[in-house]
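Okay, so here's the structure we're looking at.
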Ligand SMILES: [Zn+2]
Ligand SMILES: [Zn+2]
């Protein structure tokens, strides 16, 4: 086996926490690697603007990896999980119709036939498991559609907050944490993810 094949095998074997720690170490040790990860995982304002332009007519697909960007130009993360639909989305492809979701709560429909045949041994009825297994026996409060009904809201994906990182080395309020970043919008997520490299501490 070549070392690349072995590394690919190790990637499959490792858990997500291990992979995060490994990538952190690599970015701290190598400027080249840091640039590559920036290019893959972050967006510049022009990456975000391109989508708006494209959705107004032109068919150009976005290729954010094609041009070399400076680290100072990045304004946010490219991939995030949406708090509305719970899916991962790409910030460079986030248009006005990218996300469909229900804005209300999924509540139990006491009148549904399924509950009349429900036996005590089957346990609690009002559970997340039942919402998944028999969505038709639940109702969305936003649109009164059944649990398996089409989403009633359409719009842009909205990124979930990323839990703030606790660095053992640098207090989270240190200005060094943001030294490579532009001023950010309040919902931008980059500041919590760009930790200083060892040589900058
Ligand atoms: Zn709805
Ligand atoms: Zn979404």
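If I go through segment 107-158 residue by residue, how many of them are near ligand 1 (Cβ under 9 Å from one of its atoms) and under 21 Å from residue 83 (Cβ atoms)?
Summing the residues that are near ligand 1 (Cβ under 9 Å from one of its atoms) and under 21 Å from residue 83 (Cβ atoms) in segment 107-158 gives 10.
Of all residues in segment 89-130, which are without any contact (Cβ under 8 Å) to a residue 24 or more places away in the chain and within 12 Å of ligand 2 (Cβ to nearest atom)?
The one that is without any contact (Cβ under 8 Å) to a residue 24 or more places away in the chain and within 12 Å of ligand 2 (Cβ to nearest atom): 90.
State all residues of segment 83-106 that are more than 16 Å from ligand 1 (Cβ to nearest atom) and not in a loop (DSSP other than H, G, I, E, B); if no residue qualifies, say none.
Residues satisfying the conditions are 88, 89, 90, 91, 92, 93.
If you scan segment 1-47, which residues turn out to be within 24 Å of the chain's Cα centre (by Cα), free of Cβ contacts under 8 Å to residues at least 60 places away in the same chain and not in a helix (DSSP H, G or I)?
Across segment 1-47, the qualifying residues are 14, 15, 43, 44.
Only one of these conditions is not met by residue 49: (1) under 30 Å from residue 27 (Cβ atoms); (2) modelled with pLDDT under 95; (3) in contact with a helix residue (DSSP H, G or I) (Cβ under 9 Å, 6 or more places away or on another chain). Which number is it?
So residue 49 meets the others, but not (3).
The values are calculated or read from the model by the stated rules, or taken from the named source; none is laboratory data. Predicted model only: the values in this text are computed from it and were never measured. Cβ sites come from the backbone with ideal geometry, for glycine too, and all protein chains shown count toward neighbours.
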